[in-house]
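Inspection log for the structure reproduced underneath, given as structure tokens.
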Amino acid sequence: MSIGYDPITKLSNAPKNPKQRYKLMTKEMPKGGKLSLNMMYQTSGTQINLDYLSEDDFKKKFKIISYLTPISIAIFANSTILENKPSGYLSYRSKVWQNTSRGGLPKIFLENMDFEKYADFAINFPLLFIYKNNDHKNLNNKTFGDFMKGSLSEVNNHLPTFEDLELHLSTIFTEIRLKKYIEMRSLDACEWDCHCAGPAFYTGLIYGKLDESLDLIKDWKSEDVLKAYLDAPKKGLKTEINGKSILEWGKILLNISNKGLIGRNFKNKTGNDETIFLKNIEQILQQNKTKAEKTLENFY
């Protein structure tokens, strides 16, 4: 099913991944977030990867993506059913991810993130495990910084490799994540007719109208964004940021994205540009109704 959360299966009955990494995570993750196992075994999202040209370019893109996290949650809400009943949330998947170990939207992400700040964030982030000699080793209360200092007796005080860093970065489960590109992870999965809508929406904003998008959020306060982030899974398009609902902001952003895609002027064989992929979002905003709300209307 192309939705953000398994609507039928209880966690106890959900198939488990037999890999050693997942066995260790199954044991350790609930210690830092009560819905961590639900995240691992019952959620499904649309991930959008965006590249950047320089540190300045990265700073702009990371800020926009972070500030628009509540927008992503609300517009693409598509996980309202929990064990065959309405969950009380439009995006229960997002509720789960907000209660997952090593996840969330850290306040520092809204404070003009740059490469050095993200490096400090990752270095001081606790290690979940390291992989040595074909074995995943759990390290309680140790950070990647401790690893860099050569102070992990579990690996004979060896220093980390680049592969160790890549593994560590992959165990940070925040809404936005930096690797060789920026990962956006806040959208519920959806069916084929909307699957390209999220990537197209952000392509128009980030690649087509970067400065205009940045100007739009310049007066938003980080505390308002964080509140909206927590509200959006339940309130959806009614969530407010800086005096406007996400429905209103969504329409403004959709217009900017539309202009950005037109300006890119990429066309398919039939002469259509990338704006054809925005139709799903247009429908949601015109009807003031998310896919989750349509599910409730049709089945409950």
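Just so it is clear, none of the values below were taken in a lab; they were calculated from the coordinates. A quick note: this is a predicted structure, and the numbers were derived from the prediction, not measured. When we count neighbours, we look across all protein chains shown, and the Cβ atoms used for this are built from the backbone with ideal geometry, even at glycine.
How about segment 156-230: which trypsin sites (Lys or Arg not before Pro) there lie in a loop by DSSP and see at most 15 other Cβ atoms within 10 Å?
Details: sites: Arg177, Lys179, Lys180, Arg185, Lys209, Lys218, Lys221, Lys227; in loops: Lys179, Lys180, Lys209, Lys218, Lys221.
Sparse-neighbourhood loop trypsin sites (Lys or Arg not before Pro): Lys179, Lys180, Lys218, Lys221.
At a threshold of 8 angstrom on Cα-Cα distance, excluding pairs fewer than six apart, so keeping six or more, what relative contact order does segment 37-145 reach in percent? Display every interim value, and only then the final one.
Working: 85 pairs, mean separation 23.5, N = 109.
After rounding, I find 22 percent.
Amide H of Thr80: which non-local residues (sequence gap of 5 or more, or other chain) have their own amide H closer than 5 Å, using H built in the peptide plane?
For Thr80, the qualifying residues are Tyr92.
Report the paramagnetic label zone for Trp192: residues of segment 1-33 whose backbone N is under 16 Å from a point 7 Å from Cα along the Cα-to-Cβ axis.
Counting backbone N atoms under 16 Å from the label point, the list is 1-3.
May I ask you to evaluate 6.51 cos²θ - 1.76 cosθ + 1.60, the Karplus curve with θ = phi - 60°, for each residue of segment 83-94 and list the ³J(HN,Hα) values in order in whole Hz, giving x for glycine and proline?
6, 6, 9, x, 7, x, 10, 7, 10, 5, 3, 5
Pop the C-beta distance of Leu24 and Lys117 into the FRET formula with R0 = 22 Å and round what comes out to the nearest 0.05. Present the calculation step by step, with values, prior to reporting the outcome.
Values: r = 29 Å, r/R0 = 1.33.
My answer for the efficiency is 0.15.
Can you compute the FRET efficiency between Asn156 and Lys179 using 1/(1 + (r/R0)^6), with r the Cβ-Cβ distance and R0 = 25 Å? Round to the nearest 0.05.
Details: r = 28 Å, r/R0 = 1.12.
E between Asn156 and Lys179, to the nearest 0.05, is 0.35.
Which entry in (i) 1.31; (ii) 0.93; (iii) 1.04 is this structure's computed Cα Rg over 2.2 N^0.38 Å?
Answer label, from the structure shown: (iii).
Please say if segment 47-131 is rounded, prolate or oblate, where rounded means a/c under 1.5 for a ≥ b ≥ c the square roots of the C-alpha gyration tensor eigenvalues, and otherwise the choice is prolate for a/b larger than b/c and oblate otherwise?
On the way: a/c = 2.70, a/b = 1.57, b/c = 1.72.
It comes out oblate by the Cα gyration axes.
Averaging sequence separations of C-alpha pairs under 8 Å and six or more residues apart, then dividing by the length of the chain, give the relative contact order as a whole percent. Walk me through the numbers on the way to the answer.
On the way: 483 pairs, mean separation 75.5, N = 300.
Rounded, it is 25 percent for the chain.
Stretch Ser170-Asn268 to full length: gain in nm at 0.36 nm per residue minus the Cα-Cα span? Please list the in-between numbers first.
Values: separation 98, 0.36 × 98 = 35.28 nm, distance 3.45 nm.
Stretched fully, the Ser170-Asn268 segment lengthens by 31.8 nm.
Work out how much length Leu210 to Lys238 would gain on full extension: take 0.36 nm times their residue separation and subtract the Cα-Cα distance, in nm to one decimal.
Values: separation 28, 0.36 × 28 = 10.08 nm, distance 2.56 nm.
My answer for the length gained is 7.5 nm.
Just subtract the alpha-carbon distance of Asn124 and Lys85 from 0.36 nm times their residue separation and send over the number in nm, one decimal. Present the calculation step by step, with values, prior to reporting the outcome.
Values: separation 39, 0.36 × 39 = 14.04 nm, distance 4.04 nm.
Working it through step by step, the gained length comes to 10.0 nm.
Tally the DSSP beta bridges in the chain and give the antiparallel ones as a percent, rounded to 5.
On the way: 19 of 22 bridges.
In the chain, approximately 85 percent of DSSP beta bridges are antiparallel ones.
Shape call for segment 149-231 from the C-alpha gyration tensor, a ≥ b ≥ c root eigenvalues: rounded (a/c under 1.5), prolate (a/b greater than b/c) or oblate? Walk me through the intermediate numbers first.
Working: a/c = 2.38, a/b = 1.90, b/c = 1.25.
Prolate shape, in that a/c is at least 1.5 and a/b is the bigger ratio.
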